[in-house]
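Data first, discussion second: the structure below is written as structure tokens.
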Amino acid sequence: MATQRLGIIMHGVTGRMGMNQHLIRSIVAIRSQGGVTLSNGDKVMPDPILIGRNAEKIEALAKAHGIARWGTDLDAALANSDDTVFFDAGTTQMRPKLLAKALRARKHVYCEKPIATTLGEAVEIAKLAEKSGMKHGAVQDKLFLPGLRKLDMLRRSGFFGRMLSLRLEFGYWVFEGDLQPIQRPSWNYRTEDGGGMILDMMCHWRYVLDNLFGQVKSISCLGATHIPERWDEQGNKYQATADDAAYAIAELVGHDGEPIIAQLNMSWATRVRRDDLVTFHVDGTHGSAVASLTECRAQSRVATPRPVWNPEVKQPMNFFDQWQEVPDTEFYDNGFKIQWEAFIRHVVENAPYKWTLPEGAKGVQLVEAALQSWKERRFVDVPTLQI
């Protein structure tokens, strides 16, 4: 059994997602386990170099996690032929240009979502990636959540019968910053800095809908800025210019060709009273299921209770107790790490990989359709995206 090195340029990993999910819980974890195992039993050991603007911060991060290489010169890093993969988790506005620069330097590219702030930019970088002959991928981590993997197992088993509808509830209260410290970066609430609920989350919902339920055909969306004033990391008050909530209805064509209605509610100005920060409630002719981040509960047709509407009597049923938990039947690793391992196998041994930049562009397409719907107050069609 042989072990080969894979040099990875990691840009933008001092931020919350880049540091926690991609660096610590993915690349560092992969290194700790001895690398990624290939189909022939050989190993691939990632050898990252961390690149960022703040030398002091990037050096401290590298030393804290046993990473020998770091720097502030991205051009020099891209010029090093020993590093063949470029990863970006920096700002969305910079991403298309950075990916283009890396592709022209003959690097394979992998990046966070959204892959761009506009559909035009997203299509342009996806086309460049396709023509380059290099491997490319965009993060689609929600597909690897334990709860959604269990939900997908139910779907593939035929548990739902004909799927009828999906109700997605996402969000929690993000503190304004005056009384309690914020728990999301302040740029999330400034449109000029790439913030906004629709831009951030519609990219996720696109690949979840397409892969687990059906092709998105149209969407009606209403955005809102419920909290107009917030306080940033330094305690300075600022005007929130981006949407902090969105409420949408999407029409899908299911994998069986039948219509599915999806309700998508997302908010950073809601207090949670449900199973988790995100839940997916699916109803079908033969059964229903509710998935959270890690769990999934199901109710079959034959086990469905018979509630009776009677506003004169306190409800005697505990509806939460009437659902069966889908058990853990395997080890569920970190979703970001799973996709990193798949991308590394794709780069090294050309293993199948479908979460490409054109798939990432579809997420931006749904963002623009949702924003257009909000502006024009109507349903907007989502045509097949040609790359």
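Quick test of your reading of the structure: T279 fulfils all but one of (1) polar (S, T, N, Q); (2) over 26 Å from Q93 (Cβ atoms); (3) touching a residue at least 40 places away in the same chain (Cβ under 8 Å); (4) surrounded by fewer than 17 Cβ atoms within 10 Å (Cβ to Cβ). Name the failing condition by number.
Among (1) polar (S, T, N, Q); (2) over 26 Å from Q93 (Cβ atoms); (3) touching a residue at least 40 places away in the same chain (Cβ under 8 Å); (4) surrounded by fewer than 17 Cβ atoms within 10 Å (Cβ to Cβ), T279 violates only (4).
Among (1) part of a helix (DSSP H, G or I); (2) polar (S, T, N, Q); (3) exposed (fewer than 10 other Cβ atoms within 10 Å of the Cβ), which single condition is Q365 missing?
(3)
Which one is surrounded by the most Cβ atoms within 10 Å (Cβ to Cβ), of the residues in the range 309-344 that are among the polar types (S, T, N, Q) and not in a helix (DSSP H, G or I)?
Residue satisfying both the conditions and the ranking: N334.
Among the numbered criteria (1) more than 29 Å from T84 (Cα to Cα); (2) surrounded by 14 or more Cβ atoms within 10 Å (Cβ to Cβ), which one does A351 miss?
A351 satisfies all of (1) more than 29 Å from T84 (Cα to Cα); (2) surrounded by 14 or more Cβ atoms within 10 Å (Cβ to Cβ) except (1).
Can you tell me which of (1) at positive phi; (2) charged (D, E, K, R); (3) in contact with a helix residue (DSSP H, G or I) (Cβ under 6 Å, 6 or more places away or on another chain) is the one K113 doesn't meet?
All conditions are met except number (1).
In this structure, is L199 in a helix (DSSP H, G or I), touching a residue at least 40 places away in the same chain (Cβ under 8 Å) and surrounded by 18 or more Cβ atoms within 10 Å (Cβ to Cβ)?
Numbers: in a helix (DSSP H, G or I): yes; touching a residue at least 40 places away in the same chain (Cβ under 8 Å): yes; surrounded by 18 or more Cβ atoms within 10 Å (Cβ to Cβ): yes.
When the stated conditions are applied, L199 passes them.
With the requirement that a residue be surrounded by 20 or more Cβ atoms within 10 Å (Cβ to Cβ) and part of a helix (DSSP H, G or I), what does the range 112-125 give you?
E121, A122, V123, I125
Return yes when R306 is farther than 30 Å from A242 by Cβ and surrounded by fewer than 20 Cβ atoms within 10 Å (Cβ to Cβ) and no when it is not.
When the stated conditions are applied, R306 passes them.
So which residues in the range 207-233 are in a loop (DSSP other than H, G, I, E, B) and not hydrophobic (A, V, I, L, M, F, W, C), if there are any at all?
Narrowing the range 207-233 to residues in a loop (DSSP other than H, G, I, E, B): 213, 225-228, 232-233.
Correct list: T225, H226, P228, D232, E233.
When residues of the range 126-182 are filtered for being of a type outside the set (K, R), under 24 Å from C111 (Cβ atoms) and assigned to a loop (DSSP other than H, G, I, E, B), how many remain?
5
Here are the criteria: (1) under 19 Å from K135 (Cβ atoms); (2) basic (K, R); (3) at pLDDT below 95. Tell me which single one R5 does not satisfy.
(3)
Looking at the range 290-326 only, could you name the residues that are among the charged types (D, E, K, R) and more than 21 Å from V208 (Cα to Cα)? Lay out the reasoning, then the answer.
Step one: list which residues in the range 290-326 are among the charged types (D, E, K, R), which gives 295, 297, 301, 306, 312, 314, 321, 325.
Answer for the range 290-326, where residues must be among the charged types (D, E, K, R) and more than 21 Å from V208 (Cα to Cα): R301, R306, E312, K314, D321, E325.
Listed here are the residues, each with its yes/no results for (1) over 19 Å from N334 (Cβ atoms); (2) among the aliphatic types (A, V, I, L, M); (3) in contact (Cβ under 8 Å) with a residue 24 or more places away in the chain; (4) touching a Phe, Trp or Tyr at 6+ places or on another chain (Cβ under 9 Å).
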{"position": "T3", "(1), (2), (3), (4)": "yes, no, yes, no"}
{"position": "H11", "(1), (2), (3), (4)": "yes, no, yes, yes"}
{"position": "M17", "(1), (2), (3), (4)": "no, yes, yes, yes"}
{"position": "Q21", "(1), (2), (3), (4)": "no, no, yes, yes"}
{"position": "R25", "(1), (2), (3), (4)": "no, no, yes, yes"}
{"position": "L38", "(1), (2), (3), (4)": "yes, yes, yes, no"}
{"position": "G52", "(1), (2), (3), (4)": "yes, no, yes, yes"}
{"position": "K57", "(1), (2), (3), (4)": "yes, no, yes, no"}
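Could you list all residues from the range 148-173 that are buried (at least 19 other Cβ atoms within 10 Å of the Cβ) and more than 19 Å from W355 (Cβ to Cβ)?
K150, L154, F159, F160, M163, L166, L168, E169, F170, G171
Just need a number here: residues in the range 81-134 that are polar (S, T, N, Q) and closer than 21 Å to W205 by Cβ.
Start the filter on the range 81-134 by keeping residues that are polar (S, T, N, Q), which leaves 81, 84, 91-93, 117-118, 132.
From what's left, closer than 21 Å to W205 by Cβ: 92, 117-118.
Number satisfying all stated conditions: 3.
Just the residues that are touching a Leu at 6+ places or on another chain (Cβ under 9 Å) and either outside the structural domain of V347 (by TED's automatic domain parsing) or surrounded by 14 or more Cβ atoms within 10 Å (Cβ to Cβ) (or both), please, taken from the range 97-111.
Of everything in the range 97-111, those that are touching a Leu at 6+ places or on another chain (Cβ under 9 Å) and either outside the structural domain of V347 (by TED's automatic domain parsing) or surrounded by 14 or more Cβ atoms within 10 Å (Cβ to Cβ) (or both) turn out to be L98, L99, A100, K101, A102, L103, A105, K107, V109, C111.
Every residue in the range 306-341 that is touching a strand residue (DSSP E or B) at 6+ places or on another chain (Cβ under 7 Å) and aliphatic (A, V, I, L, M), please. Show your work before the answer.
To start, the set of residues in the range 306-341 that are touching a strand residue (DSSP E or B) at 6+ places or on another chain (Cβ under 7 Å) comprises 322-326, 341.
Once the filter is applied, which keeps residues that are touching a strand residue (DSSP E or B) at 6+ places or on another chain (Cβ under 7 Å) and aliphatic (A, V, I, L, M), the range 306-341 yields only V326.
The values are calculated or read from the model by the stated rules, or taken from the named source; none is laboratory data. All values reported here derive from a predicted model rather than from experimental measurement. Positions of Cβ are backbone-derived with ideal geometry, glycine not excepted, and every protein chain shown enters the neighbour counts.
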